[in-house]
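Scroll down for the structure; my scribbles are underneath it.
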Amino acid sequence: MPKKPRAAATRPSQPSARVAKNAKKAPKAKRVIPRVKRALDKRAPKLEENPKTLLAMHGTKCSADVKAMLGALVQLRKPLAHQLGRPNQARPFEDPTSVEFLTQKNDATLFAFGSHSKKRPHCLVLGRTYDHHVLDMAEFLVSGLKQTKEFEDKAGFRLNSAPALIFIGADFEHKPDLQVVKNLLQDHFHAPGMELLPSRLPAERVLVFTAHGDSIVSMRHYAIAVGSIDADNVVMAAAAAAAAAKEKGVGLGGEGTRHVSLTEIGPRCDLKLNRTRFADDDLRKDALKRPKSSAAVPTKVKNVTHTALLGKRGKLRIERQDLHQAALKKVKALKTKKGKPEKPQKPKPAE
């Protein structure tokens, strides 16, 4: 039978140049821009977090009084405050996602939102976030606003000046809602670094919050002037100095008591608590969790010491070595010759 012709070896088909050009290539790892990396590191969680920043914004409908109040909040907290000029269609109590997005975009922990409607006139919402989600919110109805420019004594204050906070009223201690509101106001008006000031250095201004009935909190802002004792307060100042000296067990010598006068500089307003949304106990416990104090201290390394003279010194602990089995370098002069040992030569007899 005639043999069948052998089939030619088939080669794998190769794609055309156009197909090979349009073929998907493996994605390359994107190079991180240094300034982007620094910005991400700045926002990353730290053992000591950055100072809290305030973001002020207003809705599509907002009254002039609430806008003025937002501007006053920004002025009181500068430079740790930003204000958005454009209106935002946000409703923090109905849908807080837009507020959470804006706070995360501007790297702000605190926020203030102003709006105005027939049902809730002159509305101001103060809140704070945790892990880019709303933690606590309190809604106030602003009334009796008097701006700083309306006061006769226009005593200003320095930027970065730390105000003293005073809370007056038993409701701040007994009512659960006002207890959280007190802590919320402390976050919004407390200046970072106030605890680092010396005790003898007086504050330049003071913010006084007074709790009245029906959940109304009045806010007053005063400038502090420290001067000499005048005739009207000499009896009160002498009694205070005597009481302080008796507690310390020292005499009345020294600096003495100085007269302190308060001048209202504004803004002044009354805040009526309307709606609240506070975190539950589990979320609040997670938000208030602090790292151990030992985490800030570097761990001690064993067998390493530091001295001012010699610097860093370390100890090495090794097993006891057997020198008979150790591979040491053999010196040629100490080698023993193989073969028969040479006989010692006899001394020749003396002639």
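Taking the criterion of being at pLDDT 80 or above, part of a helix (DSSP H, G or I), farther than 19 Å from Ile166 by Cα and open to solvent by less than 50 Å² (accessible area, probe 1.4 Å), would at least one residue in segment 220-239 satisfy it?
Looking for residues that are at pLDDT 80 or above, part of a helix (DSSP H, G or I), farther than 19 Å from Ile166 by Cα and open to solvent by less than 50 Å² (accessible area, probe 1.4 Å), one finds none in segment 220-239, hence no.
Mind listing whichever residues of segment 94-119 are surrounded by 14 or more Cβ atoms within 10 Å (Cβ to Cβ) and farther than 22 Å from His190 by Cβ?
Within segment 94-119, Pro96, Ser98, Glu100, Leu102, Gln104, Ser115, His116 meet the criteria.
Looking only at segment 258-288, count how many residues are in a strand (DSSP E or B), touching a residue at least 40 places away in the same chain (Cβ under 8 Å) and open to solvent by less than 60 Å² (accessible area, probe 1.4 Å).
7
Considering only residues that are without any contact (Cβ under 8 Å) to a residue 40 or more places away in the chain and not aromatic (Phe, Trp, Tyr), which ones fall in segment 100-130?
Within segment 100-130, Glu100, Gln104, Lys105, Lys118, Lys119, Val125, Thr129 qualify.
For Phe111, indicate whether it is at pLDDT 95 or above and under 19 Å from Arg284 (Cβ atoms).
yes
For segment 71-99, what are the residues that are hydrophobic (A, V, I, L, M, F, W, C), touching a residue at least 40 places away in the same chain (Cβ under 8 Å) and assigned to a loop (DSSP other than H, G, I, E, B)?
Result: Leu80, Phe93.
The values are calculated or read from the model by the stated rules, or taken from the named source; none is laboratory data. A quick note: this is a predicted structure, and the numbers were derived from the prediction, not measured. Neighbour counts run over all protein chains shown; Cβ positions are idealised from the backbone, glycine included. Each accessible area value is taken on the protein alone, full model and side chains, heavy atoms only, with ligands, DNA and RNA left out. Shrake-Rupley method; radii C 1.70, N 1.55, O 1.52, S 1.80 Å.
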